[in-house]
Amino acid sequence: MLLFQSASAQTDAIQLGRLSVRFSPQHLLFKGIHVDVEKSLDAGSRRSIVFSPRFYAGSTRILGAFTQRGDEQEGEVKGYGAEVLHRVYSSETPHDGVYFAYGVNYHYFDVGFVRHGWLQQKDDFGLEVYKYREKHFSEKINRWEGTATMGVQRPFLMDPMLVDLYIGFGYTNSTISSDYGAIRYAVNAYDIGYSGVRVVGGLKLGLSF
């Protein structure tokens, strides 16, 4: 609270510009990089457009802790995505104050994991046989989502830094294909292949220009 009070007291000294760049630190835990670029539609406008490219690469171990996969061996995820939002601020100062935002996003994930399964191979006599052993599987996810959020963006600590806190809801629809025989990454609302309503929210840090 003291940080926000200090930032509020410096509002006259710190003027947010018409272009802001932010990143989402909590998504680093899930091996994701989320970057926001926000641009005011007009000079002095309370409306802005946010474009957010996303990239993913790394282990799904921490993601598995938020699902019911338990101690199962986790995989490696690679993916990308993007989001477009329309923001409307309550303040006439660009990129400053309480806002409402809505938009859509798309993500593609390719998750590779190792599980036991039937693997076809040749024996010592050149005959095709099936053996039950560890095998590499892949699950591919195409995910669309519409979101509506409310948040507050304010100057933070020193010019030109800013902080953004938001919360809201999203409706997600995922199309999944897997060669494993069962879908693994659609356990609950925290999973990357989930379909349905979920709560969205978090923290973003950035700079204003």
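The values are calculated or read from the model by the stated rules, or taken from the named source; none is laboratory data. This is a predicted model, so every value here is computed, not measured. Glycine gets a Cβ as well: all are built from the backbone with ideal geometry, and neighbour counts include every protein chain shown. Ligands, DNA and RNA are excluded from the accessible area calculation, which covers all protein heavy atoms including side chains. Shrake-Rupley method; radii C 1.70, N 1.55, O 1.52, S 1.80 Å.
Please pick out the residue among 100, 113 that is crowded, with 16+ Cβ neighbours inside 10 Å, modelled with pLDDT of 85 or more and aromatic (Phe, Trp, Tyr). Even if it seems obvious, please write down each step before you answer.
Working: 100 fails: crowded, with 16+ Cβ neighbours inside 10 Å.
Exactly one of 100, 113 is crowded, with 16+ Cβ neighbours inside 10 Å, modelled with pLDDT of 85 or more and aromatic (Phe, Trp, Tyr), namely 113.
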Next item on the list: Identify all residues within segment 38-53 that are in contact with a Ser or Thr (Cβ under 9 Å, 6 or more places away or on another chain), open to solvent by less than 60 Å² (accessible area, probe 1.4 Å) and not small (Gly, Ala, Ser); write none if there are none.
Entry: 38, 50
Notebook entry, point to check: Counting just the residues of segment 57-79 that are in contact with a strand residue (DSSP E or B) (Cβ under 6 Å, 6 or more places away or on another chain) and open to solvent by less than 30 Å² (accessible area, probe 1.4 Å), which one comes out farthest from residue 165 (Cα to Cα)?
Noted result: 75
Note to self: Among the residues of segment 137-165, what is the count of those that are assigned to a strand (DSSP E or B) and open to solvent by 40 Å² or more (accessible area, probe 1.4 Å)?
What the structure shows: 9
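Suppose we filter 34, 95 for residues that are modelled with pLDDT of 95 or more and either buried (at least 19 other Cβ atoms within 10 Å of the Cβ) or within 16 Å of residue 208 (Cβ to Cβ) (or both); which single one remains? Don't jump to the end; show me each part of the working.
Values: 95 fails: modelled with pLDDT of 95 or more.
Checking each option against the conditions leaves just 34.
For residue 82, indicate whether it is aliphatic (A, V, I, L, M), more than 22 Å from residue 193 (Cβ to Cβ) and open to solvent by 20 Å² or more (accessible area, probe 1.4 Å).
Working: aliphatic (A, V, I, L, M): yes; more than 22 Å from residue 193 (Cβ to Cβ): no; open to solvent by 20 Å² or more (accessible area, probe 1.4 Å): yes.
So residue 82 does not fit the description; no.
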Next item on the list: Report the residue count in segment 80-115 for those that are in a strand (DSSP E or B) and farther than 28 Å from residue 29 by Cα.
Entry: 2
Notebook entry, point to check: Yes or no: residue 193 open to solvent by less than 50 Å² (accessible area, probe 1.4 Å), part of a loop (DSSP other than H, G, I, E, B) and small (Gly, Ala, Ser)?
Noted result: yes
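Could you please let me know if residue 55 is among the hydrophobic types (A, V, I, L, M, F, W, C), farther than 25 Å from residue 183 by Cα, at pLDDT 85 or above and under 16 Å from the mean Cα position of the chain (by Cα)?
Numbers: among the hydrophobic types (A, V, I, L, M, F, W, C): yes; farther than 25 Å from residue 183 by Cα: no; at pLDDT 85 or above: yes; under 16 Å from the mean Cα position of the chain (by Cα): yes.
When the stated conditions are applied, residue 55 does not pass them.
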